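Undergrad: My structure is below; once you've seen it, I'll send some questions.
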Amino acid sequence: MTVDDVRRPTRHDLAQRFSHGEREFPTSPLYQRLAGIVAADDGLLAIAERCRAGQQPTNLLFAAVHYLLLSEPGTPVPLAGWYRSLGGTRDPDDPALTTAFTDFCRANEADLTALVSRRLVQTNVVKRSAALRLGLAAIDEPGPVTLLEVGASGGIHLAFDAYRCRIGDTEVGPAGSPVRIETTWRSPRPVPTRIPAIGARLGLDLHPVDLADPAERRWLRALVWPENLAQYELLRAATELVAARRPRILTGDAITALPRLDAELPADRPLVVWHAATRVHVPEERRPAFDAAIGALGRRRRLYTVSLETPDDAAEWYRRYGISYALQVRAGARPARRIAAADGHLTWIEPLSA
Ligand SMILES: C[S@@+](CC[C@H](N)C(=O)[O-])C[C@H]1O[C@@H](n2cnc3c(N)ncnc32)[C@H](O)[C@@H]1O
């Protein structure tokens, strides 16, 4: 099945999706309010409808609006008054928000449509590097292992071991690093810290984000919800560090690119494939092919898959952990082991019983 065969959401599906703003944007009161405004406006839904198959229309539309606002910070636009990222202080419950938002979208409809139909949700969340560490710590290999990130975006996680990382009371990583991650460890158990040595590292993405390009950096910045200023500061610091390293990130769809990459990856050392918040952006009908393309890399070498994704049994999981991801580790073709639950932005992580 190709991307063109994937079922597109109907206008009704989209309205439903936007009507769950509290669930989608737990740390953004502004986006919660905007989601309700979009759900009730056919013209705004028509813009969101232009997104590519598999993309999250909610994040994409709001990132496109944020991107345009960030592009001209000197120009006074009433809507900017609600964006903390732009110094705005207005209350999201102020009824004037509806007019300010719809007027802005109508005035910029062509640019918004172009962004929504061309861009991807590529939010590179620095703190998810802590989950990669914990996943690696569950792999019983001395290394060196090859690290391949599928859905690498700007490659922020490929430098995970250059960041100081505090998980609960445990600190790892270089003490003087300008990038400092902190996450809550919801358990009395000790945090595992021993990880295999990393050999070659590389990424793959539909569209690798070039961190040296100001417009690309602005897109990554626009994807961070306006209230999450600390998350943005962390991204800025990591971007500086990673841009100087220029990680190798190949362009391609995992389903078609991994079989070609197979021959190039070392066969004489284990391979760790890492993907975070990536499978969730693959259209549902194509996920079996995505999993199979990763699994096939295990034919020529020992393969471990570490993933931080929305679990397939999302309803049951949601009842237990709320909106959150499952950290899983899979050795070869064995069943995946769920080792932790974590919120999408890695503010907390809870190890699960074996
Ligand atoms: C939400 S971002 C997550 C980025 C990073 N993994 C993180 O957690 O910070 C998802 C990334 O996956 C990429 N992606 C989505 N589908 C893909 C596919 N089929 N093959 C390769 N990359 C894909 C997107 O382009 C995007 O950069």
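The values are calculated or read from the model by the stated rules, or taken from the named source; none is laboratory data. Keep in mind that what you see is a predicted model, and the values were worked out from it rather than measured. Positions of Cβ are backbone-derived with ideal geometry, glycine not excepted, and every protein chain shown enters the neighbour counts. Heads up: the accessible areas ignore ligands, DNA and RNA and are worked out on the full protein's heavy atoms, side chains in. Shrake-Rupley method; radii C 1.70, N 1.55, O 1.52, S 1.80 Å.
Undergrad: Look through region 17-32, keep the residues that are more than 16 Å from Asn228 (Cα to Cα) and modelled with pLDDT of 95 or more, and return whichever of them is least open to solvent (accessible area, probe 1.4 Å).
TA: Restricting to residues being more than 16 Å from Asn228 (Cα to Cα) and modelled with pLDDT of 95 or more, the top hit is Phe18.
Undergrad: Also, quick follow-up: Regarding Glu49, is this residue in the same structural domain as Trp82 (by TED's automatic domain parsing) and closer than 26 Å to Arg287 by Cα?
TA: It is true that Glu49 is in the same structural domain as Trp82 (by TED's automatic domain parsing) and closer than 26 Å to Arg287 by Cα.
Per-residue answers, yes or no, for (1) more than 30 Å from Pro266 (Cα to Cα); (2) within 13 Å of the ligand (Cβ to nearest atom); (3) touching a Gly at 6+ places or on another chain (Cβ under 6 Å):
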residue: Val191; (1), (2), (3): yes, no, yes
residue: His207; (1), (2), (3): no, yes, no
residue: Ala212; (1), (2), (3): no, no, no
residue: Leu223; (1), (2), (3): yes, yes, no
residue: Pro226; (1), (2), (3): yes, no, no
residue: Gln231; (1), (2), (3): yes, yes, no
residue: Arg236; (1), (2), (3): yes, no, no
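Undergrad: Something else: State whether the residues of region 123-131 include one that is under 19 Å from His275 (Cα atoms), open to solvent by 30 Å² or more (accessible area, probe 1.4 Å) and within 16 Å of the ligand (Cβ to nearest atom).
TA: Checked region 123-131: at least one residue is under 19 Å from His275 (Cα atoms), open to solvent by 30 Å² or more (accessible area, probe 1.4 Å) and within 16 Å of the ligand (Cβ to nearest atom).
Undergrad: For Ala293, which of the numbered conditions (1) among the small types (Gly, Ala, Ser); (2) in contact with a Leu (Cβ under 6 Å, 6 or more places away or on another chain); (3) more than 24 Å from Gly154 (Cα to Cα); (4) modelled with pLDDT of 95 or more fails to hold?
TA: Here Ala293 clears every test but (3).
Undergrad: Moving on. Please count how many residues of region 151-166 are at negative phi and surrounded by 24 or more Cβ atoms within 10 Å (Cβ to Cβ).
TA: The qualifying residues number 8.
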